[in-house]
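Where a number appears in this text, it was derived from the coordinates with a stated rule and is not lab data. No experiment lies behind these values; they were computed from the predicted model shown. Methodologically, a virtual Cβ is constructed for each residue, glycine included, from the backbone with ideal geometry; neighbour enumeration extends over all protein chains shown.
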Amino acid sequence: MHPVLQTVLGLGLIGVILLVVCRPLGTWLYRVFTDDKHWRVERLIYRTAGVNPDSEQRWTRYAVSVVAFGVASVAFLWLLILVQGWLPWSLGRSQNWHTALNTAISFTTNTNWQSYAGEVGAGHTVQMVGLTVQNFVSAATGIAVAIALVRGLARATAQAIGNFWVDLTRASLRVLLPIAVVGGILLMLGGVIQNLASPTVITTLTGGEQTIQGGPVASQEVIKLLGTNGGGFFNANSAHPFENPTAWTNLLEILLVLIIPFALTRTYGLMIGDRRQGRLVAIVMGTLFAGAALLTAWAETAAATLQTGSMEGKEQRFGIAWSVLFGTATTGTSTGAVNSMHESYSPLGGGLLMLNMMLGEVSPGGVGTGLYGILVMAIITVFLSGLMVGRTPELLGKTIGRREITYAALASIVMPALVLTFTAISLVLPTARDALLASGPHGLSEMLYAFTSASNNNGSAFAGLSADQPWLNLTLGLCMFVARFAIITFTLALAGSLAEQHRRPATAGTMPTHTPLFGVLLIGIIIVLAGLTFFPALALGPIAEALS
Amino acid sequence: MTLPTTQAADSHVPDKYSNPAPPRPSLARTAWASLPQALTKLDPRHLVRQPVVFVVWIGSVLTTILSIIHPTAFSISVTLWLWATTIFANLAEAVAEGRGKAQAATLRQTRVDTVARRLTDDDREEQVSGQDLRVGDRVVVEAGQIIPGDGDVIDGVATVDESAITGESAPVIRESGGDRCAVTGGTTVLSDRIVVRITSKPGETFIDRMIALVEGAARQKTPNEIALSILLVVLTLIFVLAVMALQPMAIYSGQRLELVVLVALLVCLIPTTIGALLSAIGIAGMDRLVQRNVLAMSGRAVEAAGDVSTLLLDKTGTITYGNRRAADVLPVSAATRAELLHAAYLSSLADETPEGRSIVDYALAEGLSGDLASAPDLVRDGAEFVPFTAQTRMSGVDLADGSRVRKGAGSAVAAWVHAEGGHMAHDIDDKVAQISRAGGTPLVVAAQEPGMPPRQLGVIFLKDVVKPGMRERFDQLRALGIRTVMITGDNPLTAAAIAEEAGVDDFLAEATPEDKMRLIKAEQAGGRLVAMAGDGTNDAPALAQADVGVAMNTGTSAAKEAGNMVDLDSDPTKLIDIVGIGKQLLITRGALTTFSIANDIAKYFAIIPAMFVTVFPGLAALNIMRLHSPSSAMLSAVIFNALIIVALIPLSLKGVAYRPLAASALLRRNLLVYGVGGLIAPFIGIKLIDLVVSLIPGLA
């Protein structure tokens, strides 16, 4: 079957399953974040942490809580990695200080960029106590911020936008954990390993030596995907047969990546009391996703000389279509997992995967981050187009005035600013240039991809870049940290100023934001803004390579 | 001399089109005249306020230096066009301001120094200069004199020529007390003598403020303008970063770019079009209001007008003609219609009230014939007219032959008929009730033949006449999502009937100023912006509370002070136009922003392949316009970028075509014109310019 046709069918299959799963999940998420009661175990956590779960926070307090939690997590994780030599089940693995710092920031910010190779950099203890825990709470943080922004839109003349500690706890315990348990078991049934074994060295039939890795893979694999994290247990990530053994686990992994981002659009619709709005956001996300997947599949077949398409860097058990779908799902969701080597894609295919990130991770984006990312874009869209109906622009009855547009614009400028600045500097800095495997446009793509991935908290690696060196570890770490927490802070400021406002009732004079026209407009603005920002860079990288 | 009654002044509602502004000089001429002004605006201290234009200015300075150091045909051409871009950007603002200047000059002429006759505490007169007047001073103004400052009439009544500020030649009545006591400095008293208490300091008078407003000197950026500016600054910042990051990438790729090229790219990408036209759009919006004889005290109010979702309209004078008119007559018992018409005619002959005149007009229009003597004829023949008094609540006539006619309130006429020994018509109460239900005022007519008991002939249906075309305008407003609420002192029954007839969405009957205030606050609490018009002192709190409060120029100083707009024509229906102008202002801004951003796509296709085609020949595939050479491509983009500003100046001043449509229809239409248009136009424009530019030697 032709890979593009296979991709179309794959998209259809994924779409149908998401339709079935995301409805109840979105409703569940809605209940979780509007529930007045606390679970007993949650109350225990609040009491231990000294948090009053019934007092809500203003946006400033909420933001301080998020950032403080992030900084504390980075510090803890950095320390844990540095001292792992003294901890049990560490298998003698270690990282130097800057790699460890990069790793600590990376997992805390839901990026999961890995400068280290899993097999040599992280023992079982760090994987379980450090990385997997962050895989949960960093994802929960993203959900919390998205919910806070939606509360800002849903509430009127309110000061508070929720309580971060409550949102964090509920997202972890009530959402991520149960799904992870089910998903983990399904993965194990599919053949993903789960043990605490040390590497076993065997002699193969031909007489060579082979190291068979062990480890608690399934438990980390499920949250790696569910929380749109992406940090692989092994260096080969989801291309590794112990992480992603079959076509079925591959489908399951794609679904795990997509369910929460899509389900949150329903939660959004329910919380603001207008499901049409949520549906439109989901359609916009889905259109961007499907469009990117189809274009990439086309690029991978059109670029190939073989009838079967370009299989370089792809696993035989997945083929082009399911590699492309996995690649699109992970680059579009800030997951950063790979089941094929993006470096080996055709220039345009690799460029499209990069473009998925450059859109600002909104197709459908990471858990929570996708929703708040697209709502920020919706605010910019409403502002630009809303004027054209002759009223001060508004979204869901909230006026987009000076403060709102400032926060939205700042939130959307952080990522391009980081990507462009650090890519440019690194390309002329000899230490950084030496890390490139390729030269010419492809080398530029390697560097651009790395900073795009870090600044979008994606973590996906293009491969080819030897990132484990002080300059790249530190600048990529900086990009991850600033992108994550600056954008969250601006988003929460936006939530705060939206919550304070009255709600203006919708009239015939209000621009509707649930119509196909608005959807087209939103997609247009997302693509045009990313295109205008990154076109010169893309022209010198993937486009130049493709046209040469 | 006879003074026109207040009624006459009341009916003075000028048609808004009867007073066209003096013909304006053509745009091209204004632009030419504004050119020196535009050049003085090149001062960086001024430009800093327009960040986008400021970036262009920095770029122009930079390329100037570069082309002095290393002059090439390309660098000199780019430099010249960058300066042209900066000047064009300032020209837009200068032209917009220039249009106001002419108006201000006319107003200034009225501000000649007047000699005021100030009253001392013991009521003696002293001559002082108008400039020395203080708030609270009392001055005397007589026929032929100019009122020395803004104030309220505290004694007397006079006709005043306010054409200096309104452009309306018909004189208006100003009298002490009531809602028509405010006078404006610089206007001329035509008759009689008034005493005015000064309410504003010299230099802060209404005319001074008007001058500042039309000149744009007092202009402050409006909230939405600030928000848009912020977005433009952020966009500019992104493009500055993108262009700055390009050089290292270019060096990596093996081609160091010339600085001139980078500046050219940056200027093409940043939103220069909307950045240049933004303030002109704002000034022009205010100017459009001035053209309609409305003064907005702040740009904020104009913007708010576009957002209004509830319109409070006074019934009298706005929705209906101020006066009730005879609309029908209903005969009772055995009386005939002709008989009733004749009696109604006779009883109203001497009645000079508008209602009375309307009854005469109605009777004649209904084909009343026969003995149609005029009032003086009847008086000469010995008839005696009985005027309306508050006690009798009736008026009428006693004819020479002894027959008598009376008309008046039902109960009063009934009492008269009864007292004179007549009988009640059996169906009179039905008819009276029927008229009341229909929102009319019933006037009962009774007549007495000589020697006979009087009998009731019927009822005149006096009706508030809704101005023609109101229903259509309200329908339009409804399509825009604006709710109209009619405010009236009438009882709920009458109010409901008129509301129904006029097609308003809601009404507030038996409204007191407090009710009005409560209604505004309730609407605002629901997140709706409210617009209203008012003139009386008791309207002042509501005018201040409303988001758009339009005070009538005939109104009191308190009302004018409280509102954020003043309508010089005192036409409350203009509220509807004001809303339209507010919307048009916002649409123009949005349309040009969209256009500006959409333009960038074509510019990338012109410039990026031109920049790198030497290192990556494959990029020539992106040169979809097939531009002549890299230099001509870049220069053409720069020239297009400059010329599009000039091309759009007229649009920014006139405002984009605005039709009252629902939001989604408006969006679709404007998106098609300015979004898709903005995408396509530069591809064509740059190609055409390139055809010309490629002829320049040294660029090939």
### Query
Which percent, nearest 5, of DSSP beta bridges in chain B are antiparallel?
75
#### Entry: Sorted by Cβ density within 10 Å, fewest first, the residues B:MET210, B:MET565
B:MET210, B:MET565
### Shielding of A:432-445 by partner chains, average beta-carbon count, 10 Å
1
### Query
So what's the net charge close to B:ILE639: Lys and Arg +1, Asp and Glu -1, counting the other residues with Cβ under 13 Å from its Cβ?
+1
### Neighbour net charge for A:ALA156 - beta-carbon separation under 9 angstrom, K R +1, D E -1
+2
### Task
Could you size up the charge dipole of the protein assembly as shown around its Cα centre, putting +1 on the beta carbon of Lys and Arg and -1 on that of Asp and Glu, and report it in debye to the nearest 20?
3440
### Query
Around A:ALA236, what is the net charge, scoring Lys/Arg as +1 and Asp/Glu as -1 over all other residues with Cβ under 10 Å from its Cβ?
-3
### Query
Distance from the Cα centre of region B:124-143 to that of region B:315-380, in angstrom?
48
### Task
Determine, for each peptide in A:311-322, B:618-629, B:226-237, the mean count of other beta carbons within 10 angstrom over its residues, then list the peptides with the highest first.
B:226-237, A:311-322, B:618-629
### Query
For region B:607-639 and region A:245-292, what is the separation of their Cα centres, given in Å?
41
### Summary
In order over region A:136-144: 3J(HN,Hα) from phi, Karplus 6.51/-1.76/1.60, θ = phi - 60°, whole Hz, x for each Gly or Pro, gives 6, 6, 5, 5, 4, 4, x, 4, 4
## Note on the structure
Violations at 30 Å Cα threshold for listed pairs B:LYS516/B:LYS654; B:LYS101/B:LYS560; B:LYS41/B:LYS603; B:LYS221/B:LYS687; B:LYS201/B:LYS315; B:LYS463/B:LYS574 -> B:LYS516/B:LYS654; B:LYS221/B:LYS687; B:LYS201/B:LYS315
### Query
Once a ≥ b ≥ c are taken as the square roots of the eigenvalues of the Cα gyration tensor of region A:333-387, is the result rounded (a/c under 1.5), prolate (a/b larger than b/c) or oblate (a/b not larger than b/c)?
oblate
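Just want the ordering: A:TRP59, B:TRP32, from fewest to most Cβ atoms lying within 10 Å of their own Cβ.
Fewest-to-most ranking of A:TRP59, B:TRP32: B:TRP32, A:TRP59.
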### Task
Just check region A:366-547 against the gyration tensor rule for me: Cα atoms, a ≥ b ≥ c as the square roots of the eigenvalues, rounded for a/c under 1.5, and otherwise prolate or oblate depending on whether a/b exceeds b/c.
prolate
### Message
Per residue of region B:120-130, what does 6.51 cos²θ - 1.76 cosθ + 1.60 with θ = phi - 60° give for ³J(HN,Hα)? Whole Hz please, x for Gly and Pro, Karplus curve as stated.
### Response
7, 4, 8, 6, 8, 8, 9, 8, 10, 6, x
### Query
Beyond 63 Å, what share of the Cα-Cα pairs of the protein assembly as shown remains, rounded to the nearest whole percent?
27
### Query
For region A:165-232 and region B:263-309, what is the separation of their C-alpha centers, rounded to whole Å?
59
## Note on the structure
One checks the Cα atoms of chain A and finds Rg and Dmax, in Å, of 22.2, 78
### Query
Per-residue ellipticity at 222 nm for chain A, helices alone: DSSP H runs ≥ 4 residues times -39500 (n - 2.57), over residue total, nearest 500 deg cm²/dmol?
-20500 deg cm²/dmol
### Message
I'd like to compare B:83-89, B:289-295: which one has the highest average count of other Cβ atoms within 10 Å, and what's the full order after that?
### Response
B:83-89, B:289-295
### Calculated FRET value between A:VAL201 and A:LEU177, using beta carbons and R₀ = 30 Å, to 0.05
0.25
#### Entry: Per-residue mean of C-beta atoms belonging to partner chains within 10 Å, peptide A:399-412
4
### Vicinal HN-Hα couplings computed from phi for region A:346-357 (Karplus, 6.51 cos²θ - 1.76 cosθ + 1.60; Hz; Gly/Pro x)
4, x, 5, x, x, x, 5, 4, 5, 5, 3, 6
### Query
Mind ordering B:154-161, B:447-454, A:453-460 by average Cβ neighbours within 10 Å, highest first?
A:453-460, B:154-161, B:447-454
### Query
Among B:ASP569, A:ASP35, what is the fewest-to-most ranking by other Cβ atoms within 10 Å?
A:ASP35, B:ASP569
### Task
Would you mind telling me the antiparallel percentage of the DSSP bridges in the protein assembly as shown, rounded to 5?
75
### Query
How much mean residue ellipticity at 222 nm does chain B get from its helices, if each DSSP H run of length 4 or more adds -39500 (n - 2.57) and you divide by all residues, to the nearest 500 deg cm²/dmol?
-16000 deg cm²/dmol
### Query
Near the amide H of B:VAL465, under 5 Å away, which other amide H atoms are found, from residues 5 or more places off or on another chain, if H is placed in the peptide plane?
B:TYR321, B:ARG325
#### Entry: Potential lengthening between B:ASP328 and B:GLU472 on full extension [0.36 nm per residue; Cα-Cα distance subtracted]
49.4 nm
